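Student: Let me give you the structure first, and then I'll get to my questions.
The values are calculated or read from the model by the stated rules, or taken from the named source; none is laboratory data. Remember, it's a predicted structure, so these values are computed and weren't measured experimentally. Cβ coordinates were reconstructed from backbone atoms using ideal geometry, including for glycine residues, and neighbour counts include every protein chain displayed. The accessibility values were calculated without ligands, DNA or RNA, using every heavy atom of the protein model including side chains. Shrake-Rupley method; radii C 1.70, N 1.55, O 1.52, S 1.80 Å.
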Amino acid sequence: MRFMVIGGAGFMGSNLVHRLVREGHRVLVYDKLTYAGRIENIKDLLDRNLIGFVRADLCDEERLREAIKSFSPDVIVNLSGETHVDRSINEPAPFIRTNINCVFHLLEVLRGMEEPPLLIHTSTDEVYGDRWGLPPAGEDECFRPSSPYSASKAAGDLLCQAYWRTYRLPVIIVRPCNNYGPYQHPEKLIPKTIIRALHGKPIPLYGGGWQVRDWVFVDDFAEAVELLAVKGRPGEAYNIPGFNERTNREVVEDILMLMGKPLSLIVEVEDRPGHDRRYAMRGDKIRSLGWKPKTPWLEGLRKTINWYLSNEWWWRPLLTDHYFSVETPWRRERA
Ligand SMILES: NC(=O)c1ccc[n+]([C@@H]2O[C@H](COP(=O)([O-])OP(=O)(O)OC[C@H]3O[C@@H](n4cnc5c(N)ncnc54)[C@H](O)[C@@H]3O)[C@@H](O)[C@H]2O)c1
C-alpha cells in the first residue's frame, strides 16, 4: 500500500515509517521538522532511497495538495502535532495552530478531492480527561480535556468526526495511550529519566509521581495503525490502550532498577497545574480486529533503555542548558 505519513519525522511517525518500510509498503513522509521532528529519525531510510520526503507545513494547503497529488497515497496517517503538555501550559498558541487549524486545512484539502484517500488521524487518550475513580473510557465516552494540549487534540478529533458525518470524508480516528520506545524526544518522561539516570542527576517527579498512565510500546501502536489501514471502518474511532497501567513513580523506579541506579535519585517537585490523575481506556474494539500489544512492559523498557544508551549521538545535541534542572518548566517561564 502507499502511505503518506504526516509528522513522519517525529517519535511515533518515524517508528511507523520504519515498520511500514519493513513490511514492504511505499512511504512518503510529510513533515515541517519542528524542534520535535528530526531528519535523523528517518535518515537511514532516506539514504537508501526507501522513502520520499517533503519538508512542509501541514497548514500549507498548496504544498499538501501537491504532495498528495504527486504521491497518490492509499492512506494518509496524520501523526503531526504539538505534543508536550508542559509546553502547552506555557504557550498554548502553537497547539491551537497545529492540532486544530492544521487538521482543518488537511480535512479541507481532502474534502476538495474527488476520491480522497483514507485518513487515519491520531488523537489521544487525554481527550477523555481524568479517569480517576471512573471506569476506563470507551470510544463513545464524552470528552473532558484538562490541558490546552488535550483540548486542542479534542478539537482536532471532533473536526474529523464532523467531516465524516457531514461530508462522508473517509476518516478513522485513533486514540493511543502513552507510547514509549526509540526516537522519543528527551523532554518526555521515559527518555528524560534514562538520560538523567545515566548522568547520576536528580529525577523530578511531579506531585510525587502518583499519576497513572497506560503505556504501549511504539511498534505495537504502529502495528495497530497498519491493521486499521486495512480492517478499520471509516467514521469510527479506535482506542489503542497498552493494558499496562503504571504510576509515573513505578515507571521511574523500573528504569532505575533496570539501569542499576539508586532510587535516591528521585526528587518530588510541585505538581503540574491541572494534572490528570489517571488515563484509562477500554480496548475491546481494536482487540476485536485481532490486535493486542505484543511487547511486555519490562522487555519494551529494556529495549528503550538500550537504544538510548547506544545512541547518544542522537539525543546529546537535544539537551538544553537547563536540561538537568529540577525546576518545573512553568515556574522557570514565570520567573
Ligand atoms: N507520544 C505519545 O505518547 C502520544 C500519545 C497519544 C497521542 N499522541 C499523538 O500522536 C501524534 C504523534 O506524537 P509524537 O509523540 O510522535 O509527536 P512528536 O512531537 O515526536 O512529533 C510530532 C511531529 O509532527 C511534526 N509537525 C509538527 N507541526 C507540524 C506542522 N505544522 N506541519 C507538519 N509537521 C508538523 C514535527 O516536526 C514532528 O515530526 C501527535 O498527534 C500526538 O498528539 C502521542
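Student: Could I have the simple spin-label model distance between L198 and A162, label points 7 Å from Cα toward Cβ, reported in nm to one decimal?
Tutor: Simple spin-label model gives 4.4 nm for this pair.
Student: What percentage of the solvent-accessible surface of the chain, computed with a 1.4 Å probe over protein heavy atoms, is contributed by carbon and sulfur atoms? Display every interim value, and only then the final one.
Tutor: Numbers: 7080 of 14330 Å².
Looking at the chain in its full context, I get 49 percent from C and S.
Student: Next up: If one computes P(r) from the Cα atoms of the range 41-135, what percent of pairs lie at distances over 21 Å? Walk me through the numbers before you get to the answer.
Tutor: On the way: 2058 of 4465 pairs.
Roughly 46 percent, once rounded to a whole number.
Student: For the chain, compute the number of Lys pairs whose alpha carbons are separated by less than 16 Å, excluding pairs fewer than 8 positions apart on the same chain.
Tutor: 9
Student: Also: Excluding ligands, DNA and RNA, what is the solvent-accessible area per residue of the range 191-294 at a probe of 1.4 Å, expressed in Å²? Show your work: numbers first, answer last.
Tutor: Numbers: 4110 Å² over 104 residues.
Heavy-atom accessible area per residue stands at 39 Å².
Student: Any chance you could get the radius of gyration and Dmax over the Cα atoms of the range 206-273, in Å?
Tutor: Here Rg and the maximum Cα pair distance are 16.8, 49 Å.
Student: Using only alpha carbon pairs under 8 Å that are at least six residues apart, calculate the relative contact order of the chain and give it in whole percent.
Tutor: Numbers: 623 pairs, mean separation 61.7, N = 335.
18 percent.
Student: At 1.306 mPa s and 10 °C, plugging the Kirkwood radius over alpha-carbon pairs of the chain into Stokes-Einstein gives what diffusion coefficient in µm²/s?
Tutor: Values: Rh = 20.2 Å.
Diffusion coefficient, whole number: 78 µm²/s.
Student: Quick check: the angle from helix 218-231's long axis to the longest principal axis of the chain, C-alpha only, nearest 10 degrees?
Tutor: Around 20 degrees separate the two axes.
Student: Which whole-Hz ³J(HN,Hα) couplings does the range 286-297 yield from phi under the Karplus relation 6.51 cos²θ - 1.76 cosθ + 1.60, θ = phi - 60°, glycine and proline marked x?
Tutor: 6, 4, 5, 8, x, 9, 8, x, 9, 8, x, 3
Student: Moving to a separate point now. Jot down the per residue volume, in cubic angstrom and as a whole number, of the convex hull over the alpha-carbon atoms of the range 180-335.
Tutor: Details: hull volume 21.3 nm³, N = 156.
Per residue, the Cα convex hull of the range 180-335 comes to 136 Å³.
Student: How far apart, in nm, are two points set 7 Å out from the Cα along the Cα-to-Cβ line at D321 and at K231?
Tutor: The answer from the label model is 5.2 nm.
Student: Hey, another quick one. Once you keep just the Cα pairs under 8 angstrom separated by 6 or more residues, what percentage relative contact order results for the range 1-72?
Tutor: Working: 106 pairs, mean separation 23.0, N = 72.
That works out to 32 percent.
Student: Let me ask another. Show me, for the range 301-317, the HN-Hα J-couplings you get by feeding each phi into the Karplus relation (A = 6.51, B = -1.76, C = 1.60, θ = phi - 60°), rounded to Hz, glycine and proline as x.
Tutor: 5, 4, 4, 5, 4, 4, 5, 5, 5, 8, 10, 4, 3, 6, 9, 3, x
Student: Taking K and R as +1 and D and E as -1, what net charge do the other residues with C-beta under 12 Å from the C-beta of W314 add up to?
Tutor: Numbers: positive: R38, K43, R316; negative: E40, D44, E312.
For residues surrounding W314, the net value is 0.
Student: Could you pull out every residue, at least 5 positions away or on a different chain, whose amide H is within less than 5 Å of the one on V216? Hs are placed 1.01 Å off N in the peptide plane, and Pro or chain starts have none.
Tutor: N178, N179, Y180
Student: Can you work out the accessible area per residue across the range 1-62, with the rest of the protein chains kept in place, probe 1.4 Å, in square angstrom? Display every interim value, and only then the final one.
Tutor: Details: 2570 Å² over 62 residues.
Accessible area per residue: 41 Å².
Student: Given H placed 1.01 Å from N in the peptide plane, which residues other than close sequence neighbours of V29 have an amide H under 5 Å from its amide H?
Tutor: Amide H neighbours of V29: V5, G52, F53, V54.
Student: Still on this structure, please answer the following. What FRET efficiency do you get for D44 and A93 if R0 is 30 Å and r is their Cβ-Cβ distance, rounded to the nearest 0.05?
Tutor: Details: r = 34 Å, r/R0 = 1.15.
Once rounded, the FRET efficiency stands at 0.30.
Student: By how many degrees, between 0 and 90 and to the nearest 10, does the Cα long axis of helix 189-198 differ from the longest principal axis of the chain?
Tutor: The angle comes out near 40 degrees.
Student: Further, regarding this structure: Just to check I understand the Karplus step: with θ = phi - 60° and J = 6.51 cos²θ - 1.76 cosθ + 1.60, what whole-Hz values come out for the range 277-284, glycine and proline as x?
Tutor: Ordered by residue, 3J(HN,Hα) equals 7, 8, 10, 7, 10, 6, x, 5 Hz.
Student: Kindly report, to the nearest 10 Å², the accessible surface of T295 as traced by a 1.4 Å probe over protein heavy atoms only.
Tutor: 30
Student: Taking 10 °C and 1.306 mPa s as the conditions, I'd like the Stokes-Einstein D for the range 116-189 in µm²/s, using the Kirkwood hydrodynamic radius from alpha carbon pairs. Don't jump to the answer; show the numbers that get you there.
Tutor: Details: Rh = 13.7 Å.
Translational diffusion coefficient: 116 µm²/s.
Student: Also, I was wondering about something else. Give the angle, between 0 and 90 degrees and rounded to the nearest 10, that separates the Cα long axis of helix 102-111 from the longest principal axis of the Cα atoms of the chain.
Tutor: 20
Student: Sum -39500 (n - 2.57) across every DSSP H segment of at least 4 residues in the chain, then divide by the residue count to get the 222 nm mean residue ellipticity, nearest 500.
Tutor: Details: 14 runs with 132 residues, N = 335.
-11500 deg cm²/dmol, from helical runs alone.
Student: Just to verify a number: FRET efficiency for S72 and L309, C-beta to C-beta distance, R0 = 41 Å, to 0.05?
Tutor: So the FRET efficiency works out to roughly 0.50.
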